[in-house]
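Working notes, structure below.
Every number in this text was worked out from the coordinates using simple rules, so none of it is lab data. A quick note: this is a predicted structure, and the numbers were derived from the prediction, not measured. Methodologically, a virtual Cβ is constructed for each residue, glycine included, from the backbone with ideal geometry; neighbour enumeration extends over all protein chains shown.
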Amino acid sequence: TQKIIDTINRQVKPPECPPAPKAPVCAAQVTSDNGSSARVKGKLVVGEVEKAFLVGPSFVYDARIDSGAETSSMDARDVQRFERDGQEWVRFNVPVPGKEGEFETLEHKVVRNVRIVQANEETAERRAVVELQFRIGDHEQRAEFTLSDRNHLTYPLLIGRNILRDVMLIDVGKEYSTELPRSIRT
C-alpha cells in the first residue's frame, strides 16, 4: 500500500489553492477647494466631529455628527418668538466661538415647530425650527435646525439625518476629516 501511495504522490501534483482575491476597496476621491474633502461615490466622508461654518454669523463651530438624530440642532439661548409681517419669527442668541460668555443675536423666520420628547423627561418640548446656511468641508447647503439650549452638551452644533441623508457618509473612527477652505479658516 505504501508503494502505491508513493507512486501516486510522485505522479500527481498536489492541489494548490488559487490566491485569495483582494477585497474591493472604494477609492476616496479627494477634491480641493482650498480645503480637502474625501468623497466616496460622490458623498462627503465626515468624521464623528467636524468643523462647520455657519454662513449668517460667519462662525466656525465644532459639530457632532449624529445619525441617530433626525433633525439637526444648534445651541440657541434666550429664544423669543415674535411676529413679523404676519409670520412667526424667532430672536435668539448664539455663542461666539472661542469667546466664553459672548453671544451674537440672530433673527430668523420659523419654518416649522417640532415637539421633542427627551428620553430622560416625560413632557414634550416645543422647539422652533429655522433654516440656516452652513458649510462642512467643500459641501455647502441650507438646512433646518432646531433651536435648543445645548450649553450642557459638548458640541454647540449637532448634524442629524436631515443633512446627512444622500449627501454624507460617517467614518466614526475619525474626527475632523474635512477641511474648510482657507478663506474661511483665516
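With N set to the residue count of region 134-186, report its C-alpha Rg divided by 2.2 N^0.38 Å to two decimal places.
So region 134-186 has a normalised radius of gyration of 1.26.
Take ASN113 and GLN11, extend 7 Å from each Cα along the Cα→Cβ direction, and tell me the distance between the two endpoints in nm.
9.1
Return the calculated 222 nm mean residue ellipticity for the chain, to the nearest 500 deg cm²/dmol, obtained by summing -39500 (n - 2.57) across DSSP H runs with n ≥ 4 and dividing by the residue count.
Taking each H run of at least 4 residues, the total per residue is -2000 deg cm²/dmol.
Excluding same-chain residues fewer than 8 positions from LYS43, which aspartates and glutamates have a Cα within less than 18 Å of its Cα?
Partners found: ASP33, ASP66, ASP138, GLU140, ASP166, ASP171, GLU175, GLU179.
Once both labels are modelled 7 Å past Cα along the beta-carbon direction, what's the ASP78-VAL60 spacing in nm?
Between ASP78 and VAL60, the simple spin-label model gives 2.7 nm.
With the Cα gyration tensor of region 75-118 giving a ≥ b ≥ c as the square roots of its eigenvalues, does the rule (a/c under 1.5 for rounded; else a/b larger than b/c for prolate; else oblate) give rounded, prolate or oblate?
Verdict is oblate for region 75-118.
Along each of its three principal axes, how wide is the spread of alpha-carbon positions in the chain, in whole angstrom units, largest first?
100, 45, 32 Å, listed from the longest principal axis down.
Of all beta bridges DSSP finds with both residues in the chain, what is the antiparallel percent, to the nearest 5?
Percent antiparallel among DSSP bridges in the chain is about 80.
Mind checking which lysines have their C-alpha under 21 Å from LYS13, skipping anything on the same chain fewer than 8 residues away?
In chain and number order, the partners are LYS3.
Helix 2-11 against the longest principal axis of the chain: what's the angle in degrees, Cα atoms only, rounded to the nearest 10?
Helix 2-11 sits roughly 60 degrees off the main axis of the chain.
Let's see if you can work this out: charge +1 on each Lys and Arg Cβ, -1 on each Asp and Glu Cβ, no other charges. What is the dipole magnitude of the chain about its Cα centre, in debye to the nearest 20?
Roughly 920 debye for the chain.
Considering only GLY42, SER177, VAL12, whose Cα is most displaced toward the positive end of the charge dipole of the chain, charges sitting on Cβ of Lys, Arg (+1) and Asp, Glu (-1)?
The one lying farthest along the dipole's positive direction is VAL12.
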